[in-house]
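Following: one structure in structure tokens, then a few remarks.
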Amino acid sequence: MLVTESTKLADVIHHNYLLLPILNRFNIQLGFGNKTVKEICSEQGVHLQFFLEIVNSFLDNDYFPETELQSFPLKYIIDYIKRSHVFYVEFKVPQIEKLIAELLEKASVENRQSYKLIQNFFIEYKAELIEHIDKEEDNIHPYVLKLDEAIQNNKVDSELRALVKKESITLYADDHDNIEDKLFDLKNLMIKYLPPTEDYSLSNAILYELFRLERDLGDHSRIEEKVLIPKVEAIEKQILGA
Ligand SMILES: [Fe+2]
Ligand SMILES: [Fe+2]
């Protein structure tokens, strides 16, 4: 499905409900009736083209319009990335933690140790995810916005050039790991080795959430690596050449 400006937003969600959290990142709430994507975007003050590129690239990995997405102002991209971070840390991770705690609570004495393993794994994962996100928010985003502002205002000076030489986005690019990959091990642990639970719907719910988080994080990393990094690299080149 290719979403265009005249597609009804309700149809998009019927097609793939995993887009719901993406809509929230654009401050779009449910209750959109028969309105089209264009109508909703203009009501909410959302940049139509940017919205379409993000939604379509989520629906189809092969669609990824790297050059088009790269033409959007960096602040849109950073804003979208930050909102995704908030979603993971403040909503998704606590939700999964709660489900795992419930699993442990309901476990029989002989199974508790196995479930504890799942809990410990997730605690470790959470710490790694937060560290990954903090590093991006504290170091990378301010740097990117600074370059963007300098370029927009035509204020490239020797100080900025020195900063680019020192901080180059390539360092982040080389170091950027796929934080979603580790979720595979956790899912595998649950699928292959978890002792049967009395409450199978609870363990299913945990697995569903892990699958969803993994998918969402994968899409997120793709935007960082295929949109943000190349765009910043181009700006750095421009600054060093100016
Ligand atoms: Fe990120
Ligand atoms: Fe990242």
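The values are calculated or read from the model by the stated rules, or taken from the named source; none is laboratory data. Worth saying up front: this structure is predicted, and the values here are computed from it rather than measured. Virtual Cβ from ideal backbone geometry, glycine too; neighbours counted across all protein chains shown.
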For segment 163-180, how many residues are under 19 Å from the mean Cα position of the chain (by Cα) and not in a helix (DSSP H, G or I)? 5
Determine whether segment 98-117 contains at least one residue that is within 16 Å of ligand 1 (Cβ to nearest atom), surrounded by 16 or more Cβ atoms within 10 Å (Cβ to Cβ) and hydroxyl-bearing (Ser, Thr, Tyr). no
Which of the numbered conditions does residue 83 fail, given that it passes all the others? Conditions: (1) modelled with pLDDT under 90; (2) farther than 19 Å from residue 191 by Cβ. (1)
Which members of segment 2-24 meet the condition of being surrounded by fewer than 19 Cβ atoms within 10 Å (Cβ to Cβ) and either hydrophobic (A, V, I, L, M, F, W, C) or part of a helix (DSSP H, G or I) (or both)? 2, 10, 11, 13, 14, 15, 17, 18, 19, 20, 21, 24
Scanning segment 185-208 for residues that are small (Gly, Ala, Ser) and buried (at least 16 other Cβ atoms within 10 Å of the Cβ) gives 203, 205
Can you say whether residue 141 is assigned to a helix (DSSP H, G or I), touching a residue at least 40 places away in the same chain (Cβ under 8 Å), out of contact with any helix residue (DSSP H, G or I) (no Cβ under 8 Å at 6 or more places or on another chain) and within 14 Å of ligand 1 (Cβ to nearest atom), as far as the supplied structure shows? no
For segment 168-175, does any single residue satisfy the condition of being away from ligand 2 (no atom under 16 Å from the Cβ), surrounded by fewer than 17 Cβ atoms within 10 Å (Cβ to Cβ) and within 30 Å of residue 75 (Cα to Cα)? yes
Considering only residues of segment 133-159 that are crowded, with 17+ Cβ neighbours inside 10 Å and within 12 Å of ligand 2 (Cβ to nearest atom), which is nearest to the chain's Cα centre (by Cα)? 133
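Residues checked against (1) outside the structural domain of residue 201 (by TED's automatic domain parsing); (2) in a helix (DSSP H, G or I); (3) touching a residue at least 40 places away in the same chain (Cβ under 8 Å); (4) under 30 Å from residue 193 (Cβ atoms):
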position: 81; (1), (2), (3), (4): no, yes, yes, no
position: 100; (1), (2), (3), (4): no, yes, yes, yes
position: 116; (1), (2), (3), (4): no, yes, no, yes
position: 121; (1), (2), (3), (4): no, yes, yes, yes
position: 126; (1), (2), (3), (4): no, yes, no, yes
position: 129; (1), (2), (3), (4): no, yes, yes, yes
Looking at (1) surrounded by 19 or more Cβ atoms within 10 Å (Cβ to Cβ); (2) under 19 Å from the mean Cα position of the chain (by Cα), which is the only condition residue 40 fails? (2)
